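Okay, structure first, notes after.
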Amino acid sequence: MFNMSTEDKLKNVSPTFGNTVLPAVPAFDYIKCPLHRYTFSVKPIREWTERNCEGKTLNLFAGRTKLNIDEIRNDLDEEALADYRMDAVEFLRTWQGEKFDTVLLDPPYAFRKSMEMYKGIRCSPFKQMKDEVMNVLKEGGKVITFGYHSNTMGAGRGFKVEKIALFSHGGAIHDTIASVERHCL
Ligand SMILES: C[S@@+](CC[C@H](N)C(=O)[O-])C[C@H]1O[C@@H](n2cnc3c(N)ncnc32)[C@H](O)[C@@H]1O
């Protein structure tokens, strides 16, 4: 059992387990909105994303909707609004410019989605992608990941979950989950 009282949980204090300090309870946003294959074309998701990005942002799977933030956009699709058209892992491995304050990861959420919805453009394997993120992210920076689950950068790579957003699309449609993680120094 973790050593944490209800009072501490409400104050968002980190629980302890032996000598290990565990992450405090992440903040939680719940937003009802439609689903669209181009995530940021849905206004409540776009506005939530703009609010949660900080500083210079790498939008690695940028798609077709520009964000009202300071962003560098990458997408393999020639019809996307993009500054770079590279495979995501290739981009992360070869980037030589200044590092980013925030990295936005909104890939196809599953291989089948990639084939059906995005012209068969294959999403780079998630593990490789996550392993390369620190090549482009400043220490202490943020990663915001969209998907069907909240299994994202993780504590093993030195990240702590700050916030989870659940976008509920209604009916039998999968929810979209966005995880905001901070690289801990
Ligand atoms: C879920 S959509 C999100 C797009 C964007 N965030 C938006 O809201 O419009 C996934 C995007 O990833 C792009 N994509 C798929 N595989 C890719 C890869 N390996 N490298 C870079 N982009 C890729 C697709 O072209 C598509 O635009």
Per-region count, segment 114-139, residues more than 16 Å from Ala62 (Cα to Cα) and either at pLDDT below 70 or among the hydroxyl-bearing types (Ser, Thr, Tyr) (or both): 3
Among the listed residues Arg64, Arg51, which satisfies the condition of being more than 8 Å from the ligand (Cβ to nearest atom), of a type outside the set (Phe, Trp, Tyr) and either farther than 20 Å from His169 by Cα or at pLDDT 95 or above (or both)? Arg51
Name the residue that is nearest to Gly141 (Cα to Cα), counting only residues in segment 67-81 that are within 12 Å of the ligand (Cβ to nearest atom) and in contact with a strand residue (DSSP E or B) (Cβ under 6 Å, 6 or more places away or on another chain). Glu71
Which one of the conditions (1) at pLDDT 95 or above; (2) within 12 Å of the ligand (Cβ to nearest atom); (3) among the hydrophobic types (A, V, I, L, M, F, W, C) does Ala110 fail to meet, given that it meets all the rest? (1)
Lys142 being basic (Lys, Arg) and modelled with pLDDT of 95 or more: yes
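The values are calculated or read from the model by the stated rules, or taken from the named source; none is laboratory data. This is a predicted model, so every value here is computed, not measured. Note: ideal-geometry Cβ built from the backbone for every residue, glycine included; neighbour counts use all protein chains shown.
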